[in-house]
1. Through the Karplus equation 6.51 cos²θ - 1.76 cosθ + 1.60, θ set to phi - 60°, convert the phi angles of region 141-150 into ³J(HN,Hα) values in whole Hz; use x for Gly and Pro.
2. So how far apart, in nm, are the two label points at GLU85 and GLU65 if each is 7 Å from Cα heading toward Cβ?
3. Distance cut-off 22 Å, Cα to Cα: go down the list LYS83/LYS156; LYS84/LYS115; LYS84/LYS153 and report the pairs above it.
4. Between THR47 and LYS153, how high is the FRET efficiency from 1/(1 + (r/R0)^6) when r is the Cβ-Cβ distance and R₀ = 22 Å? Nearest 0.05.
5. So who's got an amide H within less than 5 Å of the one on PHE160, skipping anything under 5 residues away but keeping other chains? H placed 1.01 Å off N, in plane.
6. Over region 103-163, calculate the relative contact order: mean separation of alpha carbon pairs under 8 Å at least 6 apart, over the residue count, as a percent.
7. So if R0 is 30 Å, what FRET efficiency would SER112 and LYS142 give, r being the distance between their Cβ atoms, rounded to the nearest 0.05?
8. Peptides 68-77, 144-153, 126-135, 100-109: what's the order by average Cβ count within 10 Å, highest mean first?
Amino acid sequence: MRSKNIFFKKKKSGMKLMIGGGLIVALTVILFQGFMSQPASAEDTITVYKSPTCACCKGWVSHLEANGFKVEAINTNDVVKHKKEAGLPQKLYACHTAHIDGYVIEGHVPASDIKRLLAERPPVTGLAVPGMPTGSPGMGGKKIRYPVITFDKSGKTTVFSTH
């Protein structure tokens, strides 16, 4: 009889550990999901200068909003003016220019790269996706491989990521 009682106690103790471990895993998953779906903070407002008639610019703005950024979209008929004011090298020009927390974002840069830029804070002027690669955020069509480029005030560029 004693052996049954000891077995029952061990089984009960093991069950408590399983339940406790399960709760820890469940809470970790819930917290992680909450963290990952959190909207960007208030300082992550991005100001986008775009053509009022450009559908891909609207698509990129929607991509940013879906990824937690607060977007201030400013329609302009002279986006080149904003590119020049930002010190953007002409070889990196795309269809829209944005500013966030001291950085310039040119073209269809994925939100994940903007978040990484803000987290790592490298000593660059900004990020650019030159041209309008198909399949990039806001662009339709079959996705092609494209680089996200960093640039600085001297015009030096490096590859930040590839998608």
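Every number in this text was worked out from the coordinates using simple rules, so none of it is lab data. Computed from a predicted model, the values in this text were never measured in an experiment. Cβ coordinates were reconstructed from backbone atoms using ideal geometry, including for glycine residues, and neighbour counts include every protein chain displayed.
1. x, 5, 5, 10, 6, 8, x, 9, 10, 8
2. Going from the GLU85 label point to the GLU65 one covers 2.3 nm.
3. Working: LYS83/LYS156 16 Å; LYS84/LYS115 24 Å; LYS84/LYS153 12 Å.
Pairs exceeding 22 Å: LYS84/LYS115.
4. Details: r = 20 Å, r/R0 = 0.90.
FRET efficiency, THR47 to LYS153: 0.65.
5. Result for PHE160 returns VAL148, ILE149, THR150.
6. 31
7. Approximately 0.90, to the nearest 0.05.
8. 100-109, 126-135, 144-153, 68-77
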